[in-house]
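Let me begin by presenting the structure, written as structure tokens, before commenting on it.
The numbers here are math on the coordinates, done by the rules we state, and not lab data. Keep in mind the model is a prediction, meaning the values are calculated, not measured. Methodologically, a virtual Cβ is constructed for each residue, glycine included, from the backbone with ideal geometry; neighbour enumeration extends over all protein chains shown.
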């Protein structure tokens with residue numbers, strides 16, 4: 001059905017555009033660009049924890065995008081308008097740039113993107129210039145590959161001249177690699193595609209920063225999802241991402257990874273695996289209260305593979321996905337028309353087509369294309385050929401304006417059929433020849449793309465092997481250098497140990513010599529004291545002898561005097 005031909009990842013482009021383009025220093029609980037997978041309570045808690053103007057800007061911006069995603073426009077505008085009321089000094093150009101970034105995200109258009117780019121250029125903000133050019137490149141990938149490549153090459157020039165080395169720079173460099181690879185996937189240009197794929201894979205193999213490794217895995221899953229014929233590789237990388245979020249207990253991000261895996265397995269035809277991931281999505285959604293617009297994509301895919309019936313799908317639209325999305329009536333009418341067309345309930349389709357006619361001017365370009373296609377089919381079934389031709393001509397004009405060969409082919413085929421049914425064979429033949437011409441052109445392009453894709457696959461496998469071999473050689477060389485360094489360090493340590501031993505011996509000898517000198521000095525001092533004591537002793541002995549001699553010499557006269565006294569006493573007594 002034409003209503004479901006739009007690639008899933010293109011539909012999700014506005015939800016997940018620039019995963020890692022964060023300003024340095026930004027720390028928030030919910031991941032930017034994934035606001036649709038968080039509850040409003042989670043986002044409001046971030047607002048309550050915001051302290052700096054930068055944190056407040058991001059918190060209000062995330063809430064605005066969240067409510068915009070679930071079609072609560074009044075709340076979305078309320079939170080977005082609060083950003084302009086945050087006091088930001090004039091010289092804080094980084095905060096002003098951040099506000100412009102949010103403005104670009106909130107109501108994305110080329111004018112706002114270029115306004116953000118102009119501000120970054122006027123103030124020489126390298127990071128913001130890179131972000132702006134990458135944003136514009138992403139915007140043009142599915143509409144104008146020339147413009148997309150132009151902006152990504154400008155981003156490359158800025159990156160090469162960027163002198164600072166920060167985590168933000170690494171994140172943006174990684175985003176540049178993945179954006180460039182995305183462009184060359186669609187251009188089927190193998191050499192640059194492989195170059196940027198391998199550079200992206202290098203981030204997976206590094207162990208310095210886990211966040212960059214996980215981001216690289218996410219980018220690779222997205223690139224291979226966009227690459228026709230590579231669903232199995234996309235599943236490999238998406239599973240790696242899912243396993244990381246499972247092991248690190250990050251349920252919100254695991255919900256995103258499960259969402260991708262459910263769609264990849266559905267597109268591959270593995271319904272059993274798709275159902276298991278859809279069930280996990282439902283459980284995570286309810287436990288996290290994360291009821292974003294992605295539910296619509298899930299419901300449509302479930303309808304396609306038979307997990308939802310048409311009445312169940314209509315009920316979800318009528319009750320606004322259990323009162324979680326608050327869908328606009330115009331959008332709901334278009335969605336129901338697409339569903340009734342898919343299941344070929346023509347009476348119900350006719351009712352909603354009449355409603356669509358009244359609101360046609362409010363439809364987007366894509367919705368207008370879908371409306372014209374469905375309306376034409378409805379008129380053809382009712383054999384209202386003139387009315388069908390009017391719608392088909394408008395569809396053909398829209399296809400030519402967009403440069404979409406598939407749309408043009410659908411319009412030409414049914415124009416030929418309608419004119420043939422109304423017996424206008426000349427006009428039918430002209431449309432048929434145009435159809436054959438564009439069909440051949442499309443087939444040639446498809447064949448060329450298939451051949452190019454196969455050649456790129458072979459070249460990628462060869463380059464990956466060469467890259468792997470080079471890495472093995474580099475690892476071997478690094479191991480050799482590491483071993484040599486180990487030996488060098490071991491020799492150095494041995495030399496240091498020998499020097500320490502020698503120094504220890506010298507120090508020991510010095511200590512022994514010092515102790516000997518101290519002992520000799522002490523003995524000398526003791527000897528001197530002993531000598532002084534001996535001299536003193538000798539002096540005292542000599543003095544004693546002298547004293548004794550003097551006493552002896554004195555004693556004799558005294559004895560004489562005593563004896564003489566005794567004789568005198570006796571003489572006196574006799575007298």
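Helix 53-69 and the longest principal axis of the Cα set of the chain meet at an angle near 30°. Taking Cα atoms only, the orientation of helix 110-122 departs from the longest principal axis of the chain by about 30 degrees. Taking a point 7 Å from the Cα of residue 437 along the Cα-to-Cβ direction, the residues of the stretch 384-400 with backbone N closer than 16 Å to it are 396-397, 400. Sequence-distant contacts, meaning Cα pairs under 8 Å at least 6 residues apart, place the relative contact order of the chain at 10 percent. Reducing the stretch 315-373 and the stretch 106-121 to their Cα centroids gives an inter-centroid distance of 32 Å.
Multiplying the residue separation of residue 157 and residue 538 by 0.36 nm and removing their Cα-Cα distance gives an extension gain of 126.5 nm. The modelled label-to-label distance between residue 272 and residue 506, using points 7 Å beyond Cα along the C-beta direction, is 7.9 nm. For the stretch 247-310, the gyration tensor built on C-alpha atoms gives an oblate shape. Its axis ratio a/c (a ≥ b ≥ c) is at least 1.5, and a/b is not larger than b/c. The smallest convex shape that holds all Cα atoms of the stretch 356-403, its convex hull, gives 66 Å³ per residue. With Cα atoms as the point set, the stretch 77-185 shows a radius of gyration and Dmax of 14.4, 44 Å. Largest first, the extents of the alpha carbon coordinates of the chain on the three principal axes equal 207, 53, 52 Å. First measure r as the distance between the Cβ atoms of residue 289 and residue 382, then evaluate 1/(1 + (r/R0)^6) with R0 = 45 Å and state the FRET efficiency to the nearest 0.05. Efficiency, rounded to the nearest 0.05: 0.50.
Ranked highest first by the average count of other Cβ atoms within 10 Å around their residues, in what order do 248-260, 42-54 fall? Mind showing how you got there, number by number?
On the way: 248-260: 20.2, 42-54: 15.0.
In decreasing order of mean packing, 248-260, 42-54 become 248-260, 42-54.
With a simple spin-label model that places each label point 7 Å from the Cα along the Cα-to-Cβ direction, the separation between residue 429 and residue 488 comes to 8.5 nm. Compute the angle between helix 425-574 and the longest alpha-carbon principal axis of the chain, please, reported from 0 to 90 degrees and rounded to the nearest 10. Rounded to the nearest ten degrees, it is 10. Between residue 422 and residue 73, the simple spin-label model (points 7 angstrom out along Cα→Cβ) gives 3.6 nm.
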